[in-house]
Amino acid sequence: MELEKSLVSGSMALLVMKLLEERDMYGYQMIEELKKRSDNTFHLKAGSLYPLLHGLEEKDYVSAYEQEAAAGKPRRYYHLTGLGHKILQEKEESWNLYARAVRQVLGGGACYAGA
């Protein structure tokens, strides 16, 4: 079963920022790591990732730098900034609240006392 695109696009910034919280990464690394950690659920394309990263850069949530790769061609690595860490924490809290509420509704959660 394939995920709805609206569900994925709304959470992709959170997922990318979470990866960068652990270590600096370059684009292809992020794509592969998301695929691996999601059991092949997230298949992010470079054409979607780089505009997302540029948007995060504009907001100063991530910064980028170049570093030589083993093959000699420099790679562009992304780093979560101090502001990015703060925003990530807020996004995670918001996501957890949302996910908990969805689970309650889908699972028939707590009943309203006045019903």
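Rule-based calculations on the coordinates, nothing more; no lab input. Quick caveat: nothing in here was measured; it's all calculated off a predicted structure. So basically every Cβ, Gly included, is an ideal-geometry build from the backbone, and we count neighbours across all protein chains shown.
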**Request:** Consider the candidate values [x] 2, 11, 21, 24, 21, 14, 5, 1, 0; [y] 2, 10, 18, 20, 18, 12, 7, 5, 3, 2, 1, 0, 0, 0; [z] 2, 7, 5, 6, 5, 5, 6, 5, 6, 5, 6, 6, 5, 5, 5, 5, 6, 6, 3, 2, 0; state which one is P(r) over Cα pairs in 5 Å bins from 0, in percent computed from the structure displayed.
**Result:** [y]
**Message:** Helix-only mean residue ellipticity at 222 nm, the chain, DSSP H runs n ≥ 4 weighted -39,500 (n - 2.57), per residue, nearest 500. What is it?
**Reply:** -19500 deg cm²/dmol
**Size of electric dipole in the stretch 5-106: Cβ of Lys, Arg +1 and of Asp, Glu -1, about Cα centre, debye, nearest 20** = 380
**Prompt:** Lys pairs in the chain, Cα-Cα under 24 Å, at least 8 apart or on separate chains: how many?
**Reply:** 21
**Message:** Sorting check: for 67-73, 86-92, 97-103, which peptide has the highest mean count of neighbouring beta carbons within 10 Å, and how do the rest follow?
**Reply:** 86-92, 97-103, 67-73
**Distance (nanometres) between label positions extended 7 Å along Cα→Cβ at residue 68 and residue 35** = 2.9
